[in-house]
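The values are calculated or read from the model by the stated rules, or taken from the named source; none is laboratory data. All figures in this text were calculated on a predicted structure; none of them were measured in a lab. Here Cβ is always computed from backbone atoms with ideal geometry, including for glycine, and neighbour counts include all displayed protein chains.
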Amino acid sequence: MPDWTTIFTDHWRSLVEVLMLWFIVYNTYLYFRATRGARIFTALVVVYLGLTLVSSWLDLVVIGWLLKYISVFLAIALVIIFQPELRRALAQLGSHRFFSSITENSRARFTEMLIETLQSLSKKRTGALIAIQRNITLEQYMDSGTNIDARISRELMETIFYSGTILHDGGMVIRATDETILSAGCVFPLTQKELSDQSIGLRHRAAMGVTEESDAIVLVVSEETGAISLVTSGKLERNLKQEELEERLIDLLKGRKDEDEDLSPPIE
């Protein structure tokens, strides 16, 4: 009978190493399997492994030597192919609760700048529809708009929503983790709910629609009244004051579940 205690004592480091590698590989697979570069990655790996096995089996020295050096370029190619996914993964890692103390100041600055922009748009009666992407990607809606991929700023947001621009009527998608405007002029789905309040316009209906299909936070500035509204999970909170809006945004960006979400009754 083998002495499992002795085996475990002698090889526990190897076991930990295998478990760590399995965890990394498995989660990497889960993250990248639905991305656009997944097929390219699979094809490159299959070709590389196939050539490696053939060269080893047939003792093809030249091909084996080439594969050894090509692997360096393959690693660089993978970084280029998966650049958007890697950046998003690092951004999500940085927004993890473990690093919350590091990103607290950044989150506060982002919220403050966003609210200042909304207040400015409100005073000018400039309509706006802004979706803040969280865990569920909004890529399907971003494809209907124009790619921006720029650092968020008050000047850029006000320019995009200015009534003289082509993109002002559509929605904007923002990624809060790295404070990036991903796309503008996007078409969001309208809510299918029967709404008794006929004063709710298309922007608000679109905000409700996109939040019914994702976990996004959507901010709306009414072109008619200048009122600022917040929408999550299909629920519309209207005419929020600056302090209320700031508190709600900070809580939502921290990822807190709203236990009191029903304090503001949904518009139906």
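Within the set of pairs 6 or more residues apart or between chains, which connect a residue that is free of Cβ contacts under 8 Å to residues at least 60 places away in the same chain inside the range 171-182 to a residue that is part of a loop (DSSP other than H, G, I, E, B) and surrounded by fewer than 23 Cβ atoms within 10 Å (Cβ to Cβ) with Cβ atoms less than 6 Å apart? Taking only residues 6 or more apart or on different chains, the pairs are ILE181/ILE152. For the range 208-245, residues that are over 17 Å from ILE174 (Cβ atoms), polar (S, T, N, Q) and in a helix (DSSP H, G or I) total 1. With respect to the conditions (1) more than 24 Å from GLU116 (Cβ to Cβ); (2) of a type in the set (A, V, I, L, M, F, W, C); (3) touching a helix residue (DSSP H, G or I) at 6+ places or on another chain (Cβ under 9 Å), ILE166 lacks only one, and its number is (3). In the set ILE40, ILE70, only one residue is of a type in the set (A, V, I, L, M), at pLDDT 70 or above and closer than 26 Å to THR137 by Cβ; that residue is ILE40. Here the range 169-199 is the region considered, the condition is being assigned to a loop (DSSP other than H, G, I, E, B) and crowded, with 20+ Cβ neighbours inside 10 Å, and the residue that is farthest from the chain's Cα centre (by Cα) is THR191. Looking across the range 153-168, the residues that are assigned to a loop (DSSP other than H, G, I, E, B) and either of a type in the set (Gly, Ala, Ser) or surrounded by 14 or more Cβ atoms within 10 Å (Cβ to Cβ) (or both) come down to SER153, SER163, GLY164, LEU167, HIS168.
Being surrounded by 15 or more Cβ atoms within 10 Å (Cβ to Cβ), assigned to a strand (DSSP E or B) and in contact with a strand residue (DSSP E or B) (Cβ under 7 Å, 6 or more places away or on another chain) is not true of ALA150. Is it the case, given these coordinates, that VAL210 is modelled with pLDDT of 90 or more and touching a Pro at 6+ places or on another chain (Cβ under 8 Å)? In short, yes.
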